[in-house]
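Below is one structure, written out as structure tokens, with a few remarks after it.
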Amino acid sequence: MDLKSYYHKKTVLVTGGVGSIGSFLVRELLRYAPNSVRIFDNNESGLFDLEQDLSSDKIRSFIGDIRDKERLTMAMEGVDIVFHAAALKHVPLCEYSPFDAVKTNVLGTQNVLDAAFVQGVQKVVTISTDKAVNPANVMGATKLLAERLTISANSYRGHKKTAFSCVRFGNVLNSRGSVIPLFAKQIKKKGPVTVTHPDMRRFFMDIPSATHLILTAGMLSCGNEIFILKMPAMKIMDLAEVMRDELAPRFGFDPETIPITVIGLRGGEKIDEVLMTLDETTCAFENKEMYIVLPKNLPYTEYSPSDTVPPGFHTAKVKSYSSEDAPMITKEDIRTLLGDLDL
């Protein structure tokens, strides 16, 4: 089955639906002729702007916060699939506001799962991040808990049919609040361009690739899976240098006059990110596009991970998945990627 056939006539709800990933997800879903797409967000202006931009009779806007379980439960009535993209995602802000990070990323996720149980939703896919792997900051720790809650929800469902899964990926190119728009603003002001560490590396993917992974996960999900897109890594210093060279002339500056300044790691920040723990690699399966991580065992069952792997996947041959040893994007590749973005 392809995506168009699967999402045809489905009723889908997207939490955080006006964010960078959420809004692109809504746009893609509309291409598949769903019954309706419900956009759930606490950003009133964002909901209004997205409604005006899409001008579709298939969308329904719901003002609400995932911290409010009653509102979520009402919004999920009659929903087939939930994509849970709402989260607090900025590492420094979560470091300084950990209580709020827990309320949104942990308790908010629990509210999504509870509401899905109540309304008999078919599938829930929680959007996660590589920062949830061996977390070194509050944001990563809360997203790890969100993953654990989502996967564990499969053990709570009893005779209910809801399948709970996660999607985990790295940094999304040019998403709201990410490093690319930050560098662009700094270059426009003639610098300095600020890099926290000269050796920092990150996994990157573009928004369409992230969205395709989410939709594919929604189609393939049977419960318990963590879907991980295969991604290359990029040196942040290379990105800074290429962006300076490419964008400075647009603003009338000589690239050589714009400094790149190393400011030091921020609280909770790591030089490299990891997409799978060593333990997870022992129970991972792959195809050309992605990995699937499954639990090693499920209590009170005769569960075997290989029994639930989708067709086309085989046992993964990977010992680690760190940005330190992942395939690295070259500067020329970065120039190509930037040329495809609206900067």
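Couple of notes before you dig in:
- Extension gain for D254-D53 works out to 68.6 nm (0.36 nm per residue, less the C-alpha to C-alpha distance).
- Sparsely packed trypsin sites (Lys or Arg not before Pro) within segment 125-218, loop by DSSP, other Cβ within 10 Å at most 16: R157, K160, K161, R176, K189, K190
- Reported label for calculated semi-axes √(5λ) of the Cα gyration tensor in Å given (1) 39, 35, 22; (2) 33, 24, 19; (3) 27, 25, 19: (2)
- Potential extension, S155-K188 segment - 0.36 nm per residue separation minus Cα distance: 6.7 nm
- Most simply put, the chain has about 30% antiparallel DSSP beta bridges, counting only bridges with both residues inside it.
- Residue-averaged 222 nm ellipticity for the chain, from DSSP H runs of 4+ at -39500 (n - 2.57), nearest 500: -10500 deg cm²/dmol
- Sites N43 and V118, calculated FRET efficiency, Cβ-Cβ separation with R0 22 Å, nearest 0.05: 0.30
- Set of lysines with alpha-carbon distance to K319 below 22 Å, sequence-local pairs under 8 removed: K131, K230, K235, K270, K288, K296
- 3J(HN,Hα) couplings calculated from phi for segment 212-219 with the Karplus curve 6.51 cos²θ - 1.76 cosθ + 1.60 (θ = phi - 60°) are, in sequence order, 4, 4, 4, 5, 5, 4, x, 6 Hz; Gly and Pro show x.
Any read-out appearing in this document is the output of simple, stated calculations on the displayed coordinates, not a laboratory observation. Just so you know, these numbers come straight off a predicted model, no measurement behind them. Using ideal geometry, Cβ is built from the backbone for each residue, glycine included, and neighbour counts are taken over all protein chains shown.
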